[in-house]
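The values are calculated or read from the model by the stated rules, or taken from the named source; none is laboratory data. On a predicted model such as this, the values are computed, not experimentally measured, just so you know. When we count neighbours, we look across all protein chains shown, and the Cβ atoms used for this are built from the backbone with ideal geometry, even at glycine. Keep in mind that these areas ignore ligands, DNA and RNA; they rest on the heavy atoms of the full protein, side chains included. Shrake-Rupley method; radii C 1.70, N 1.55, O 1.52, S 1.80 Å.
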Amino acid sequence: MPDTPAGHTLQAWLDAFNSGDRAKIETYVKTVDHSQPVDGMVAFRNRTGGFELLSIESSEPLHIRFRVKEKGSDTTGLGNLLVKDGQPPTVETFGLRALPPGVVPVNVIVDCSPAENRVIEGVNADLNEFYIDAALAKQMGDVELAHEKSGDYDKMSDGDAFAGQLTKGPAGG
């Protein structure tokens with residue numbers, strides 16, 4: 001496991017989740033990931049039997065992508081964890097998706113820096129061209145531009161993190 005805030009957070013999640021101990025899961029939720037419902041984590045743990053870490057796909061200090069396998073089946077999953085630095089680090093976003101058999105995950109890299117804003121321009125153009133509600137497309141485009149102006153995308157390179165940011169409300173919200 002990487003010796004980074006994201007690596008430590010992933011290890012804390014695996015330890016709490018795999019324990020199956022409600023008290024350990026509650027402590028994890030209270031200190032690290034306030035958005036997770038304890039009952040939901042316990043139920044998910046009971047369905048999967050826990051997870052075995054298969055690999056770290058990519059690692060940065062505050063972001064880690066990883067592959068896991070359910071202990072109770074042959075199902076594998078791709079995880080994406082983004083944390084805010086602190087003591088302890090706290091979860092900003094966490095996602096875990098089941099992978100169909102035989103799928104090889106690809107880490108989508110985007111360049112959203114101000115000097116390379118084609119990604120943002122392309123998303124905005126697609127919204128305007130293809131979204132069913134023109135007024136709502138404009139409103140979403142305006143929110144996207146507000147994120148861009150506030151610098152929310154400047155250092156973003158992970159496709160999942162970018163997609164998550166696109167679904168947030170106005171910059172800062």
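Excluding ligands, DNA and RNA, what is the solvent-accessible area per residue of the stretch 1-111 at a probe of 1.4 Å, expressed in Å²?
Heavy-atom accessible area per residue stands at 54 Å².
Once amide H atoms are placed 1.01 Å from N in the peptide plane, what residues at a sequence separation of 5 or more from K71, or on another chain, have their amide H within under 5 Å of its amide H?
Excluding prolines and chain starts, which carry no amide H, the hits are G50, F51, E52.
Once both labels are modelled 7 Å past Cα along the beta-carbon direction, what's the S35-L54 spacing in nm?
In this crude label model, S35 to L54 measures out at 2.4 nm.
Can you classify the stretch 17-74 as rounded, prolate or oblate using the Cα gyration tensor, where a ≥ b ≥ c are the square roots of its eigenvalues, rounded means a/c under 1.5, and otherwise it's prolate if a/b beats b/c and oblate if not?
oblate
How would you classify the stretch 1-141 from its alpha-carbon gyration tensor, with a ≥ b ≥ c the square roots of the eigenvalues: rounded for a/c under 1.5, else prolate if a/b is greater than b/c, otherwise oblate?
It is prolate, given that a/c is not under 1.5 and a/b is the larger ratio.
Give the long-range amide H neighbours of E92: residues separated by 5 or more places, or on another chain, with amide H under 5 Å away, using H modelled in the peptide plane at 1.01 Å from N.
L82, V83, K84
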